[in-house]
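> What follows is a single structure, and I will ask about it in a moment.
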Amino acid sequence: MMWMCVAVFLLWLRSGGCSEKANTSELIEYTAADFYEKLHSGKMMFIYFEHQVSPTISLFLLELEKSADALQDYGVLVGKVNCDKKLVQAYCTKERERHTAFLFRGGKEFLGFDLDTVFDVNSIVSEVLFAILREEVKYVHTDTDLLAMEKAARGKKDIVLGYVRSLGTQEHRSIMETAYVYGSKYQFILITGGPVLKHLGVDESSPSSQVWFLHCIVHSKLPRSSERCPLTRMRKPLSTLSLHSFLQLMEAPLVSEVYEDPSSVQNPQFPYQQTPQVFLFSRPATKQQDLDTATALAWRLRGLALLLLVHRLSPAVKTPDEYNAAYRLPEKSSEVKYLTLNDHDEVLELFTNHDKEEEDEEEDEGWLEDEEVDSHFAKLDDEIAASVYENRGNLPDMDSITQLTSANFHTAVTQSRLTVALFYLKWDAVSMAFLGSFIEVAERLEGSEVQMSAVDCGEWTDLCAAQSSLQIPFQPITAFPCILLLRPKEPAQHYRGMLGSEALHRFILLSLQASPVLLSTKEEVTSFLQEVPLPALAGYNPDRVMGLFKTQVHTGVSLFAEAAKSLRGEMLTGLLTDVLAEKWAAEHSMELPAVLVFPSWRTHTPHSTLPVSTSSEELLTHIHSARLHPLPELTVENLPSFLSLGKALLLLFVGEEEDEIGRRQNQALVEEMRGVVELGGGRMEQYLACWIHLGRTPAGMSVLGSYLGSMPPLPALVLTHLPSGNDIYQFPPNMPMVASSVLQWLQRIQEGAEPAAGFLGEDSWPPAVEFLDFLKIMDMQEPDSAQQQTPEEEEEEEDSKEEVVKADDSSSSAATFHNNPHSEL
Amino acid sequence: MDSNLPCLILFLLIGCVKCSFDNQHDGSRRYGYCVLGAGPAGLQMGYFLSKAKRDYIILERNSGPGSFFNKYPRHRKLISINKIHTGRQNREFNLRHDWNSLLSDNPDLLMKRVSSEFYPPADAFPTYLSMFEKELGLRVRYGVDIGRIRAVQSPRDRSYILTDQHAADYTCSVLLVATGLWVPQKVEFVGSDLVEGYESISTDPEDYKDQAVLILGKGNSAFETAQSILGKASKVHMLSSSPVRLAWQTHYVGDLRAVNNELIDTYQLKSLDGLAEARLDKIGITQRKEQSGRRSGAQKKAKFYLTLKKHIQHQEKKNSSDAPGEEMPGYHIDNFSMRKPYDRVIRCLGFRFNFSVFDSSACPPTSDNAKGRLPSVTPWYEGMNTPGLFVLGTAAHSRDYRSSAGGFVHGFRYTVRAVHRVLEQRYHNNPWPSTKLMMTQLQSWILKRLGEASGPYQMFQVLGDVILLRGSHCEYVEEFTLQALPQFSSVSGHEVSEHGLIVLVMQYGNNKIDFLGRSRAETDWTKAWKSNFLHPVLYYYDTLPSEEDMRLRPTGWPLPRPKAIHHMVEDFLAEWDTPISHIQPLRRFLEHCVQTDLRAFYAESCFRSSLTHRKPPLFCQQGYLKQQGVAHNSQPWQQVHDAGPMPTEQDTGKTSGSNPAFPNYLAQAGASVSSGLKLDF
């Protein structure tokens, strides 16, 4: 219906104003002769051959006319040939020509365009340019293709990657126009969605047209060369103009160094005059680091702002020391604003927020608003919460896990020899981060006798509070996540290990073993001490404890059994009594009763005998300390057990070995440390000699860097965590690391003759981010609303609050009776 | 307030007396606790006393529990919702939508066992109460009609003596008055004797056929009455001093509920019904016989005219059968809206507390609010001036009259529990139950309470959770009576440390807005303090506020101005658990209160901070250092971090270690780790 109206209207227009229109039309109408002449001159031409004019065609002609101007800039003639006047062979005869426009190039027909694809000026310009630039602008479908292009471009050309929602749009036109201009300088790539977008981190559901700049030239110079070229996303909405200035910004120097005060630094020059400037400061002492920091930030600010590094000690610089950053916006005043930053993210926020606000204004408010979360507050600053949030799209697959409820808890627990239950809260990020590991373990244990289960404590609150009237074998759960090992008719056992799949898996498998295992034959003893009990544990050598007692009723047996119970899952425990025990003791020339610990690391002397204990707690303490390696390699997993000794750390950092020689060198270093311990004897009691292998524990790298302020050559030996203070000492790097000199160095430190190389950080951890002070906001926006009342006011207040009814009545009732006769009497 | 000591001594004494006299000495019975009335509040208290194994008795003059509900509401439909299907299995959560059940440990002892209707029939409620009483084995003595209550003050203690219809005495150290409200509220005006009362009107709509009816009052009982006769009466007019207040606008369930508001429709659509405002003590009702007898010879039917007090000439002459025409308002005001006569005038003005049984020694004063219909009580529901006498249930509504749910079962079941905790602390030295939490668990625990707790949700702005900060841990005390916050330590038995405290309250916004209009809801958490609907608010105090602070608190606030406040933005689903809008801002607020970083860290970050600092952040101290570090799990999505040095990637910030790509980067560079990169200036 609508279409009919439009058509009629247009027809009327044509018939009514035909002659007039022909005069004003700028669309060049070529005669057949003109056409052939131009064609043979090799010009590029975009021509439509006109027959009868239908409403759709007349619309197209209007658009064609508009595009003539635009395409002229790119050397394309636009026009029409009227077939009614003179027939052009091959183009005026066939039916299909009526719905096609043709591009001619080099004297030949180059391409025909269906009018459906060239319907308006944007689509005409973009499609024609796309055709012309066929060789220059690549169309990429998959990530692999993109990777290949990146590889090819590395060190040679930067890539401009455009994504357009659909072809023939204004965005498409902008990219093609830019490609026409910059086509020789950059490699242009066009994509229209698919897996490539995913690689770029774009939400595929409703992406808007965007452009990325892939820095492939600098790629090879980057310190960490990944396969991909680093990329910068253009943040402004896509238009020819914005793309143009974006590309120019990409050419701007990453960091410029200046020796003037920010206030006297010029505004950015053409073509960057619309770009904010960010100033950071540098001192001679930390010149390189400052430059690194600035460069890192500049990468992140790329396309948003220009970064200038100001040499603070230059006499022209007058910025007070309290400020460590400044910026200048391009708008109106060119005043420089000074800042004291805690974190460079704040600078980033300054510019990204700006964008956000503008976007916000356009959006409607409402419950169902589809919020884009990109602002300062929207960023999660908790690493665990952030990783859970990133993964929010993937719901965990809970199929391998039994869901426990108040109703099925008891039956589920009685039916299985071992039930491992995870108590979690959905909103607790740690719970949810761990849930993935837990499911992994459940999947690995599928088919075993272990029942892996979970309790959603947001729903089964009475079960988690151990509140049910039924007997619940555990205390109320108040810390999440919580993992309990439940066995029928036994109190629950808390899992107190690392919240990771490896550790939990190992623990569950070990706790399937009896604790203690009753050893009744010699073979059993050998097998206990030498074999890994479960094939699933292959490759893992657990620590073992063995108790030897004269009789089964010896008082020590119950003590040992109790200790064994609490060690269940952590290590293997075995009990040997009677004749067998005596025989074993005799063979190994020792007295009964005895508790022997076999730590997995001990290879030459396989066990240590523990002193007699009077309580299971004491026994446990002995067992735990016997398990500790005297010269441990510190790892993320084991550090806590060594820190708990409370000793100062004599800490050796060794690097990753590249070859056998390196390995041997590292080995020698550790041996030297052993030498230090042995040579030092009693003096070394106060220290824990230990080492970190930076290859296996890369987290140690930043530790070392933070100790000394910079990365020293490896190996490095430091003394830290002294009970007496926060000083950190570094063994002189130029001195050979031999036991005697290390001991002398320790001696000098004790005497206070060594300078500290660094300091431990404060042990107070104030909040990383300031909270949003609503009280302050209220005081600003509604000054009195949050203030305490003053005593006088208060009486009035009470009166008026007391009886609304009376208050509004006493004054108005009479009046309403007279004046407002209808509704309110 | 009385000191606790005498009471304690009293108890010991009572204990002795009890042993030797077996409760039945010379017609007087002695109890630790007497609960007066076996309605919902009385039984609820009975349950808590029985669970604590206290010496108590519930006295009830009728033969069954909840007898009020045998008669009221007159039209036999409860308007408290009985929502059985909530999509949740969480019992605590489900109580948010079950307004009839009482609290108990028995998960099945709920109203839904008696009725499955959303608005249950009134008879279901006494049935439910009776089931509650029987299954929990509560000690109720029926048929005991207490006619007189007096206090006896000895030098050491105070007790209450209750005398029943047979002159038998009950001596109680603590008296819990749960008698409800059942005395009809009346207003005196000229002709008030011509008016029928809600308590005695006919509930058969046929009796109102073609009659013009004037109803005095605009509460739920008035509208319930109007609604039932709407189809029969010729017109229904309603008159009271204030305009109709709609519960969905005021968030006060005592105001007119939508379930009863059909008359608003017929009024606004001009269908003969109407509402009007006037103070009832300014009106008069006069009677005139209709001049119809001449034709039929039948009885002249009396008609009632509404007039104004000031037009009535002979105010003393009350029962005038025929008022002169000059007394008619239409005589004075040409278009007086209610100039036509009525066939009936019905009073539906609610009920008042029965003060008459209290001797002056034991009588709590009337409250300033609620037209003096209620006794005045302390923030912990003890009668003003009557130590040892507590008021429970609807009668205790003066504390939150017209603001919260304390006058209704779904509200006072929680205040009764609070009173019981007060008693346990005061007389038995049992502090309020509390949960000890590690500081790093507090956030999750608060979110847990927000996700399910029914007490603070129903008794918004009246009951709130109190979190006592103790450094690395805290004590979580649930559902404290907020107005008693200045007396927190003595009432709850918990000390407040120098770390201060946080109070968690559910609140509505103070602004009167169009609750169905656009932009009624706030969705931006940074403007959470402008939330209009029920949402959590946290108040942080470094010391307990004083009574003075409490009295002078900002207008419309449940608590005095704190050191810091945090509003959690209202949520359409009332689930305050989204990571960005709810959880992170809450964490930052808690961090501010305890001045400690409360973020969670992976084991690797804890490893770094443990080695570079003397102590790592609290989360690492309470997890990692106890060998319970959080390992990165090996799911593929975790590798997001390793995606390479994209310039667009954002570093998490303060602890340089939070970006695992960092060390690799350095390893490759072989370069120095600069202090500059640490970024903690």
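> At a Förster distance of 45 Å, what's the computed FRET efficiency of A:N408 paired with A:E660, Cβ-Cβ distance as r, to 0.05?
Numbers: r = 58 Å, r/R0 = 1.29.
That gives a FRET efficiency of 0.20.
> Any idea what the relative contact order of chain B is, in percent, if you count C-alpha pairs under 8 Å spaced at least 6 apart?
For chain B, the relative contact order is 10 percent.
> State the volume of the convex hull built on the alpha-carbon positions of region A:486-539, expressed per residue in Å³ and rounded to an integer.
Measuring per residue, one finds 107 Å³ for the Cα hull of region A:486-539.
> Would you please name the GluC sites (Glu not before Pro) within region B:75-165 that are DSSP coil residues with at most 16 other C-beta atoms within 10 Å of their C-beta?
B:E117
> Apply the a/c threshold of 1.5 to the C-alpha gyration tensor of region B:436-542 and tell me whether it is rounded, prolate or oblate.
Prolate shape, in that a/c is at least 1.5 and a/b is the bigger ratio.
> Can you give me the solvent accessible area of A:K647 with a 1.4 Å probe, rounded to the nearest 10 Å²?
We get 70 Å² for A:K647.
> Peptide B:587-600: average number of partner chain Cβ atoms within 10 Å per residue?
Values: counts 8, 8, 5, 2, 7, 7, 2, 2, 4, 4, 8, 4, 12, 9.
Counting other chains' Cβ atoms within 10 Å and averaging over B:587-600 gives 6.
> Counting just the Cα atoms, what span does chain A cover along each of its three principal axes? Round to the nearest Å and put the largest first.
Over chain A, Cα extents along the principal axes are 123, 97, 68 Å.
> Hey, for a label at A:A465 modelled as a point 7 Å past Cα toward Cβ, could you say which residues of region A:478-507 have their backbone N under 19 Å away?
A:478-480, A:482
> Note the angle between two axes, namely the Cα long axis of helix B:220-229 and the longest principal axis of the Cα atoms of chain B, as a number of degrees from 0 to 90, rounded to the nearest 10.
Compared with the principal axis, the helix lies near 50 degrees.
> With every protein chain left in place, what is the accessible area per residue of region B:360-493 in square angstrom, probe 1.4 Å?
24
> Something else: Which Cα, out of B:F358, A:Q415, A:M498, lies furthest along the positive dipole direction of the protein assembly as shown (beta carbon charges, K/R +1, D/E -1)?
Most positive-ward Cα: B:F358.
> Estimate for me the total accessible surface buried between chains B and A (protein heavy atoms, probe 1.4 Å, no ligands or nucleic acids), in Å² to the nearest 100. Kindly include the intermediate steps, with their values, before the conclusion.
Working: alone 32870 and 46750 Å², together 67010 Å².
Counting both chains, the buried surface is close to 12600 Å².
> Which order do the peptides B:523-529, B:386-392, A:535-541, B:612-618 take when ranked by the mean count of other beta-carbon atoms within 10 Å per residue, highest first?
Order by mean packing, descending: B:386-392, B:612-618, B:523-529, A:535-541.
> Moving to a separate point now. Charges only on Cβ, +1 for Lys and Arg, -1 for Asp and Glu: so what's the dipole of the protein assembly as shown about the Cα centre, in debye to the nearest 20?
Working: 146 positive and 189 negative charges, 765 e Å.
Computed about the Cα centre, the dipole is about 3680 debye.
> Can you bin the protein assembly as shown into rounded, prolate or oblate? Criterion: square roots of the alpha carbon gyration tensor eigenvalues sorted a ≥ b ≥ c, rounded for a/c under 1.5, prolate for a/b above b/c, oblate for the rest.
Taking the square roots of the gyration eigenvalues as a ≥ b ≥ c, the protein assembly as shown is oblate.
> Once you average over the residues of B:272-279, how many Cβ atoms of partner chains fall within 10 Å of each Cβ?
Mean shielding count: 5.
> Between B:K209 and B:F572, what is the FRET efficiency for a Förster distance of 51 Å, r being their Cβ-Cβ separation, to the nearest 0.05? Please report the intermediate quantities before stating the final value.
On the way: r = 46 Å, r/R0 = 0.91.
The pair B:K209/B:F572 has a calculated efficiency of 0.65.
> In addition: Specify whether the C-alpha gyration tensor of region A:258-300 places it in the rounded, prolate or oblate class, a ≥ b ≥ c being the square roots of the eigenvalues: rounded for a/c under 1.5, otherwise prolate if a/b is larger than b/c and oblate if not.
Since a/c reaches 1.5 but b/c is at least a/b, the shape of region A:258-300 is classed as oblate.
> With a probe of 1.4 Å, find how much accessible area region A:257-313 has per residue, and write the answer as a whole number in Å².
Values: 2500 Å² over 57 residues.
Heavy-atom accessible area per residue stands at 44 Å².
> Based on Cβ point charges of +1 for Lys and Arg and -1 for Asp and Glu, what charge dipole magnitude is obtained for chain A about its Cα centre, in debye rounded to the nearest 20?
Here chain A has a charge dipole of around 4720 debye.
> Any number yet on Rg/Rh for region B:488-621, C-alpha, Kirkwood?
Over the Cα atoms of region B:488-621, Rg/Rh equals 1.06.
> Could you work out how far apart the two model spin labels at A:A285 and A:K426 are, taking each label as a point 7 Å from the Cα in the direction of the beta carbon, and quote it in nm?
According to this spin-label approximation, the distance is 5.4 nm.
> Which percent of the accessible heavy-atom area of the protein assembly as shown goes to carbon and sulfur, probe 1.4 angstrom?
The nonpolar share, carbon plus sulfur, comes to 51 percent.
> So what's the projected area for region B:156-278, the Cα convex hull averaged over all directions, in nm²?
12.4
> Against the longest alpha carbon principal axis of chain A, how many degrees, from 0 to 90 and to the nearest 10, is the axis of helix A:170-182 turned?
The angle comes out at about 90 degrees.
> From zero outward in steps of 10 Å, how is the percent of C-alpha pairs of region A:655-794 spread across the bins?
9, 30, 25, 9, 7, 8, 8, 3, 0
> Let me ask something additional. Within region B:235-279, which trypsin sites (Lys or Arg not before Pro) sit in a loop by DSSP and count at most 16 neighbouring Cβ atoms inside 10 Å?
Hits after loop and neighbour filter: B:R245, B:K270.
> Something else: Considering only DSSP beta bridges whose two residues both sit in chain B, what percent are antiparallel, to the nearest 5?
Taking every DSSP beta bridge within chain B, about 60 percent pair in antiparallel fashion.
> So, with +1 on the Cβ of K and R and -1 on the Cβ of D and E, and no other charges, what is the size of the charge dipole of region A:390-469 about its Cα centre, to the nearest 20 debye?
Details: 4 positive and 11 negative charges, 34 e Å.
The calculated dipole for region A:390-469 is roughly 160 debye.
> Here is a further query. Could you tell me the number of lysine pairs in region A:229-356 with C-alpha atoms less than 21 Å from each other, where the two lysines are 8 or more residues apart or belong to different chains?
Details: A:K236/A:K332; A:K236/A:K356; A:K287/A:K318; A:K318/A:K337; A:K332/A:K356; A:K337/A:K356.
Count of close lysine pairs: 6.
> Still on this structure, please answer the following. Which of the GluC sites (Glu not before Pro) found in region A:580-674 are loop residues per DSSP with 11 or fewer other Cβ atoms within 10 Å of their Cβ?
Sparse-neighbourhood loop GluC sites (Glu not before Pro): A:E591, A:E658.
> Something else: What does the structure give for B:513-523 when I average, per residue, the other chain Cβ atoms found within 10 Å of the residue Cβ?
Per residue, the average neighbour count from other chains is 2.
> Taking the mean number of other Cβ atoms within 10 Å as a proxy for protection, how do you rank A:283-290, B:560-567 from highest to lowest?
B:560-567, A:283-290
> I'd like to compare B:416-422, B:460-466: which one has the highest average count of other Cβ atoms within 10 Å, and what's the full order after that?
Result, highest mean Cβ count within 10 Å first: B:460-466, B:416-422.
> Could I ask something else about it? At 7 Å along the Cα-to-beta-carbon direction for both B:N385 and B:E548, put a label point, then send me their distance in nm to one decimal.
Those two pseudo-labels are separated by 2.6 nm.
> Treating cross-link reach as a plain straight distance, find the lysines whose alpha-carbon is under 19 Å from the alpha-carbon of B:K448, omitting any fewer than eight places away in the same chain.
A:K426, B:K436
> What distance in nm separates the two pseudo spin-label positions at B:F533 and A:S740, each 7 Å out from Cα along the beta-carbon direction?
With each label point 7 Å from Cα toward Cβ, the separation is 8.1 nm.
The values are calculated or read from the model by the stated rules, or taken from the named source; none is laboratory data. Since we're looking at a predicted model, the values are computed, not measured. In this analysis, Cβ positions are derived from the backbone assuming ideal geometry, glycine residues included, and neighbour counts consider all displayed protein chains. With ligands, DNA and RNA removed, areas are computed over all heavy atoms of the protein, side chains included. Shrake-Rupley method; radii C 1.70, N 1.55, O 1.52, S 1.80 Å.
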